[in-house]
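See below for the structure under consideration.
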Amino acid sequence: MPLPDRPVSHASIESVWGQQVHDYTFAPAGCTVSGAASTVNATVEQLNLDVGDDDPGGYLDAANNRLEVPTNGAGFYTAFVRGNAVNGTADTTETRFILRLNGSDISTGINTNQGGTNVTVPVTWMGDLVAGDQLTVWAQRKGASSSPAVTVLSFTIVRLGAELGAP
């Protein structure tokens, strides 16, 4: 289906244009997923993404711990990862979460470990995605002490529109 253009004067709102505008505005494409905990060391490791908390478009590929943009899913997206780290040595190690697009780092977040206290590590990103693009979350311990247990508490992507537009 082609992207909607500006409406023609007196056109029915029930046209294809109206339906697409409705979908972009009131039900934007995207998903929220999460994953089981794992322990990370100094080596960067891919994290579990195996629970589709809200995934009406079928983005989650749980077998491969990734999100994949479906056919007709291209557009301008925002992404937010809420990571959690616990049990890394307090004040001497950090946990770094990494968001990758098709195997390349696109955004990172890092926070200092606090022993048995849960520490949130946020990662954000905005950009264009096309059908078949794959998003994965990775993590690693920074520093030479106890390795933290890490969890992707939530990973949300939302298509904001087809592209950035002029004001």
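None of the figures in this text is laboratory data; all of them are computed from the coordinates on show. Because the structure is a prediction, the values reported are computed rather than measured. Using ideal geometry, Cβ is built from the backbone for each residue, glycine included, and neighbour counts are taken over all protein chains shown.
Can you give the extra length, in nm with one decimal, that the chain gains between Asn102 and Ala42 once fully stretched, where that is 0.36 nm per residue apart less the Cα-Cα distance?
19.4 nm
Amide hydrogen proximity for Asp133: with H placed 1.01 Å from N in the peptide plane, the residues at 5 or more positions away or on another chain lying under 5 Å are Val69. Pick from Val121, Val21, Val51: which residue has the top mean-square fluctuation in a GNM of the chain where Cα pairs under 10 Å get a spring? It is Val21. Estimated at 0.36 nm per residue, the fully extended path between Leu164 and Gln134 surpasses their Cα-Cα distance by 8.7 nm.
Neighbours of Thr136 by Cβ distance under 13 Å: Lys/Arg scored +1, Asp/Glu scored -1, total -4.
A simple rule links phi to the HN-Hα coupling: the Karplus curve 6.51 cos²θ - 1.76 cosθ + 1.60 with θ = phi - 60°, which for the stretch 57-70 gives x, x, 6, 6, 10, 5, 5, 10, 6, 8, 9, 10, 5, x Hz, with x for Gly and Pro.
Can you give the FRET efficiency for Thr117 and Phe76, using 1/(1 + (r/R0)^6), R0 = 35 Å, r = Cβ-Cβ distance, to the nearest 0.05? Please list the in-between numbers first.
Numbers: r = 37 Å, r/R0 = 1.05.
Working from the Cβ atoms, E equals 0.45.
Adding -39500 (n - 2.57) for every DSSP H run of four residues or longer, then dividing by how many residues the chain holds, sets the calculated 222 nm ellipticity at -2000 deg cm²/dmol. Distance between the pseudo-spin-label points of Ala27 and Trp125 (7 Å out from Cα toward the beta carbon): 2.8 nm. Summarising the amide proton neighbourhood of Val121: residues at separation of 5 or more, or on other chains, whose placed amide H is nearer than 5 Å comprise Gly83, Asn84, Ala85.
Taken about its Cα centre, the chain carries a charge dipole of about 440 debye when Lys and Arg each add +1 at the Cβ and Asp and Glu each add -1 at the Cβ. Of all segments of the chain bounded by GluC sites (Glu not before Pro) found in a DSSP loop with no more than 15 other C-beta atoms within 10 Å, the longest spans 15-162. Across the stretch 35-40, coupling constants 3J(HN,Hα) worked out from phi with the 6.51/-1.76/1.60 Karplus curve, θ = phi - 60°, read x, 6, 6, 8, 9, 10 Hz, and Gly and Pro carry x. When the Gaussian network model of the chain links Cα atoms closer than 10 Å, the mean-square fluctuations of Asp133, Asp61, Asp23 top out at Asp23.
Against the chain, whose longest principal axis is taken from its Cα atoms, helix 16-26 shows a tilt of about 30°.
Mind checking which of Thr93, Pro70, Tyr59 is farthest towards the positive end of the chain's charge dipole, using Cβ charges of +1 (Lys, Arg) and -1 (Asp, Glu) about the Cα centre? Farthest along the dipole direction, towards plus: Thr93.
Residues whose amide H falls under 5 Å from that of Tyr77, counting only those 5 or more places apart or on a different chain, are Gly127, Asp128, Leu129, Leu160, with hydrogens built in the peptide plane.
Charging the Cβ of each Asp and Glu at -1 and of each Lys and Arg at +1, and nothing else, the dipole of the stretch 97-167 about its Cα centre rounds to 300 debye. Computed 3J(HN,Hα) for the stretch 161-167, one whole-Hz value per residue from the Karplus formula 6.51 cos²θ - 1.76 cosθ + 1.60 where θ = phi - 60°, is x, 7, 5, 6, x, 7, x, glycine and proline marked x.
Here the simple spin-label model places points 7 Å from the Cα toward Cβ, and for Thr92 and Asp55 these points are separated by 3.9 nm.
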